[in-house]
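This report concerns only the one structure given below.
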Amino acid sequence: MDKSLDKDFEKKLGQMSPFEIKNELIKLAQKDTQKSSATFLNAGRGNPNWIAYDAREAFFLLGSFATQECKQVFTDTPGIAGSPLSQGIADRFDDFIAKQNGSEAATLLEGAYKYMTGHLGADRDELILEWVDGIIGDHYPTPPRVLKYTEMASQAYLAQEMGNRAPGDGKEYDIFATEGGTAAMCYIFDSLQANHIVEKGDKIALMAPLFTPYIEIPHLDRFGFDVVTISANPVDQNGYHDWQYRASELDKLRDPSIKLVCVINPSNPPSYRLSDDNLKQIVDIVKKDNPNLIVVTDDVYGTFATNFTSLMYALPHNTLCVYSFSKYFGATGWRLAVVAAAKDNVMDRLIARLPKDKRDDLKKRYSSLTLDVAKMKFIDRMVADSRDVALNHTAGLSTPQQIMMSLFALKCLIDTDDVYKRKMQAMIHDRLKALWDNTGFTVLPDPLRVGYYSEIDLMVWAKKIYDDDFAKWLKKTHNPLDVTIRMAAEKGIVVLNGSGFAGPDWSIRTSEANLNRSDYAIIGREVRSILDEYYNEYKASK
């Protein structure tokens, strides 16, 4: 028997993270495609196969201007120039842009500049100096939490995209620019523990299915959290998944001993945004029963949803929002994300109410940074903790990264017709349709479906297409991981096991971001063929 289909091998793989299983599946899939005419297809990771090129062109054009500015200071030695000067820099920028003959990059830069100075009230010379000095990267990030105008652009962007065009410019939130959403996750967990807000052994909740690291981090020995799972896995009365949370599941959060809840919205997988009813119930729970509950919401896929409202706007005082620029702009390699916290928030209040011994402990921890530790915001403590406090003065996301982040944000802020958003959503939905149409499975219309990922529960379709007896046989005779292994070993296709995301055991996760439409048609047909092959085995066993 092929090792790839050996049950002991499946059992061992099942103990690993799906992202580590993926590496084994890639080997199997590549081995299969070498033996056949099949094409190797990897739908196992959500790295997009598109980029927002205009913002990048604007970045490189800005870099050209910035280099010119530095060369004006001194060029006595070949290859060496000085730091840029602020006086008259905005006027020189205007002249530079005028000479670009209306190129796409210059148009975006000019629009971003006018939005910052006109709509957000940025000082002309200050802004251009931040852009130039930032893109050159010749100074430490100052302030280390985020550059002044990067924060301003990010606040406005989050108000538009996470707040469903919330009134104002998002200035009620503080921003911490981080090295991608993964760094943001680590910093949040570390600082919540370091500041005695959520301590080892405390009870937290995870809203499943969700991104695997949120499942794994709480079980590390240093945290050892008592985890309560709030599941969207059950099927409705018709046997379909709607991937929303039943009221009885969300009511678990009414327990005031639960100090923290983590949610991905829209979900990863199955890529559905929270319903208005779910949002309202969570708000009601916090107001009536658990006012100190901290909500960590990871909203990286929010820009792919229509009329999206994040918990950061539905429940601002209790929420830490993680937003990554990686997926929407095809920028996973840039490592760009923010943590947003309302200026008035429960984290700061909980720190102020700590018993004296713990406040004294924190005073000792942060006393090298400020004369009044009690007034130090939680989000600034995160910045310090990200560099073990002692290196706070060199903390922060690199300044060129922050300028790229600003340009991504401003690209969308000046796109008043949402052209980019509509193109992104249409592309994802087209791929989603190609996948599901070729499975032969029914996808019910649902305005909450985003479609960046699909979570396909084979057990649902085993019952609907065949019958309950077949589904029972399948559960009894096969390991759920057998589906992903067969897809790789026999079809040359990598998909991930949904169980690794706290999803249904017999579900698989596909990303609709990283392949072409025709590839998803192939994947859909092969998913169905796997189910049909199981059924043929079942009939033969009779």
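The values are calculated or read from the model by the stated rules, or taken from the named source; none is laboratory data. This is a predicted model, so every value here is computed, not measured. Neighbour counts run over all protein chains shown; Cβ positions are idealised from the backbone, glycine included. Surface areas here come from the heavy atoms of the whole protein model, side chains and all, with no ligands, DNA or RNA. Shrake-Rupley method; radii C 1.70, N 1.55, O 1.52, S 1.80 Å.
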One quarter of the C-alpha convex hull surface, i.e. the mean projected area of region 70-207 in nm², amounts to 12.6
To the nearest 10 degrees, the tilt of helix 399-413 (Cα long axis) against the first principal axis of the alpha carbons of the chain is 70
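Would you please classify the overall shape of region 413-524 from the alpha carbon gyration tensor, given that a ≥ b ≥ c denote the square roots of the eigenvalues, rounded means a/c under 1.5, and beyond that prolate means a/b larger than b/c while oblate covers the rest?
Prolate shape, in that a/c is at least 1.5 and a/b is the bigger ratio.
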For the chain the mean separation of alpha carbon contacts under 8 Å (6+ apart) over residue count, i.e. relative contact order in percent, is 23
Reported to the nearest 10 Å², R517 has, with a 1.4 Å probe, an accessible area equal to 110
Residues other than M207 with Cβ under 11 Å of its Cβ, Lys/Arg counted +1 and Asp/Glu -1, net out at -1
In the chain the DSSP beta bridges are antiparallel at a rate, in percent to nearest 5, of 50
On each of the three principal axes the extent of the alpha-carbon atoms of region 124-270, given in whole Å and largest first, is 60, 38, 25
Taking Cα atoms only, Rg over Rh for region 489-542 with Rh from the Kirkwood formula is 1.03
The chain accessible area per residue, 1.4 Å probe, protein heavy atoms, integer Å², reads 41
If every Lys and Arg gets +1 and every Asp and Glu gets -1 at its Cβ, then about the Cα centre region 204-289 yields a dipole, in debye to the nearest 20, of 220
In terms of the charge dipole of region 276-390, which places +1 on Lys and Arg and -1 on Asp and Glu at the beta carbon, the residue among P355, M312, L371 farthest towards the positive end is L371
log10 I(q)/I(0) for region 369-463, Debye formula on C-alpha points only (no solvent), q = 0.17, 0.24 Å⁻¹, two decimals, reads -0.87, -1.21
Of T394, T399, ordered by accessible area with the largest first and a 1.4 Å probe, the sequence is T394, T399
Heads up, region 230-369 by the C-alpha gyration tensor (a ≥ b ≥ c square roots of eigenvalues; a/c under 1.5 rounded, else a/b over b/c prolate, else oblate) looks oblate
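Can you compute the helix-only [θ] at 222 nm over the chain? Use -39500 (n - 2.57) per DSSP H run of at least 4 residues, normalise by all residues, nearest 500 deg cm²/dmol. It would help to have the intermediate numbers written out before the result.
Working: 21 runs with 244 residues, N = 542.
Value at 222 nm, helices only, nearest 500: -14000 deg cm²/dmol.
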Carbon and sulfur atoms account, in whole percent of the 1.4 Å probe accessible area of region 360-500, for 51
Checked against the positive end of the charge dipole of the chain (+1 on Cβ of Lys and Arg, -1 on Cβ of Asp and Glu, about the Cα centre), the farthest of G440, V132, G170 is G440
Order by accessible surface, 1.4 Å probe, largest leading, for residues H196, H429 comes to H429, H196
Once all protein chains are kept in place, T306 shows an accessible area at probe 1.4 Å, nearest 10 Å², of 70
Net charge (Lys, Arg +1; Asp, Glu -1) of residues whose beta-carbon lies under 15 Å from that of W436, W436 excluded, is 0
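Go through R509, R359, R486, R92 and list them by solvent-accessible area, largest first, probe radius 1.4 Å.
R359, R92, R486, R509
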About its Cα centre, the chain carries a charge dipole, from +1 on Lys and Arg Cβ atoms and -1 on Asp and Glu Cβ atoms, whose size in debye to the nearest 20 is 940
Using a 1.4 Å probe on heavy atoms of the protein chains only, the accessible area for W50 in Å², nearest 10, reads 20
Surrounding charge for Y53, neighbours by C-beta under 12 angstrom, Lys/Arg +1, Asp/Glu -1, total -1
Rounded to the nearest 10, the angle in degrees between the Cα long axis of helix 148-161 and the longest principal axis of the Cα atoms of the chain comes to 40
In order over region 369-382: 3J(HN,Hα) from phi, Karplus 6.51/-1.76/1.60, θ = phi - 60°, whole Hz, x for each Gly or Pro, gives 9, 7, 7, 10, 4, 4, 8, 6, 5, 4, 5, 6, 5, 4
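With a ≥ b ≥ c taken as the square roots of the eigenvalues of the C-alpha gyration tensor of region 309-409, please select rounded if a/c is under 1.5 and otherwise prolate if a/b is larger than b/c or oblate if it is not?
Working: a/c = 3.22, a/b = 1.51, b/c = 2.13.
Oblate.
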